[in-house]
Ligand SMILES: Cc1cc2nc3c(=O)[nH]c(=O)nc-3n(C[C@H](O)[C@H](O)[C@H](O)COP(=O)(O)O)c2cc1C
């Protein structure tokens with residue numbers, strides 16, 4: 001059923017919680033899954049060997065969009081990840097009271113698409129505390145879209 005990589009950047013643990021749920025659902029669907037913290041990865045060759053890459057990143061900043069800090073070096077060097085032709089899905093936690101609700105999700109999806117990734121048009125933007133059922137449903141949809 002293929003290999004999936006889930007990489008998350010999370011400061012207070014919300015996006016990490018969702019990443020764990022997504023990884024579990026993809027595993028239950030039959031994929032071999034690697035779950036990695038953005039703080040511990042290098043962009044170079046990151047996506048190689050994976051059929052599906054799932055990025056999770058929370059949004060910070062105020063007037064301007066800021067990605068979660070651990071994800072910034074990966075985003076800046078995303079060209080090196082080998083995303084061309086690969087299926088990519090993006091999710092993140094945020095707060096809709098901010099101007100750019102989950103702006104990191106859009107920024108990552110746009111950059112991945114510009115690098116030739118096949119971005120699954122199904123961004124997940126979670127408002128407030130993560131909802132496990134929402135994360136599970138999304139991961140199942142991503143799996144179906146990636147198959
Ligand atoms: C100083 C600050 C700035 C934030 N800026 C945004 C923002 O611009 N857009 C947004 O959707 N959420 C924003 N948030 C909300 C966080 O993204 C949200 O709390 C999220 O759940 C954190 O996820 P994490 O624990 O995975 O890092 C901000 C929160 C703080 C404390």
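The values are calculated or read from the model by the stated rules, or taken from the named source; none is laboratory data. What you see is a predicted model; the values in this text were computed from it and never measured. Note that each Cβ is placed from the backbone with ideal geometry, even for glycine, and that neighbours are counted across all protein chains shown.
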Q. Among the residues of region 62-71, how many are touching a residue at least 40 places away in the same chain (Cβ under 8 Å) and either near the ligand (Cβ under 8 Å from one of its atoms) or surrounded by fewer than 22 Cβ atoms within 10 Å (Cβ to Cβ) (or both)?
A. 4
Q: Given the conditions (1) within 12 Å of the ligand (Cβ to nearest atom); (2) at pLDDT 95 or above; (3) within 27 Å of residue 44 (Cβ to Cβ), report the number of the one that residue 75 does not fulfil.
A: (1)
Q) Looking at region 117-131, which of the residues that are in a loop (DSSP other than H, G, I, E, B), touching a residue at least 60 places away in the same chain (Cβ under 8 Å) and touching a strand residue (DSSP E or B) at 6+ places or on another chain (Cβ under 8 Å) is nearest to residue 43 (Cα to Cα)? A) 117
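Which one of these is within 16 Å of the ligand (Cβ to nearest atom), on the phi < 0 side of the Ramachandran plot and in contact (Cβ under 8 Å) with a residue 60 or more places away in the chain: 58, 10, 29?
Being within 16 Å of the ligand (Cβ to nearest atom), on the phi < 0 side of the Ramachandran plot and in contact (Cβ under 8 Å) with a residue 60 or more places away in the chain holds for just one of 58, 10, 29, which is 10.
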Q) If a residue has to be within 7 Å of the ligand (Cβ to nearest atom) and under 15 Å from the mean Cα position of the chain (by Cα) to count, how many in region 96-116 make the cut? A) 2
(Q) Every residue in region 85-95 that is assigned to a loop (DSSP other than H, G, I, E, B) and within 16 Å of the ligand (Cβ to nearest atom), please. (A) 95
Q: Among the candidates 114, 96, single out the residue that is farther than 23 Å from residue 44 by Cβ and surrounded by fewer than 16 Cβ atoms within 10 Å (Cβ to Cβ).
A: 96
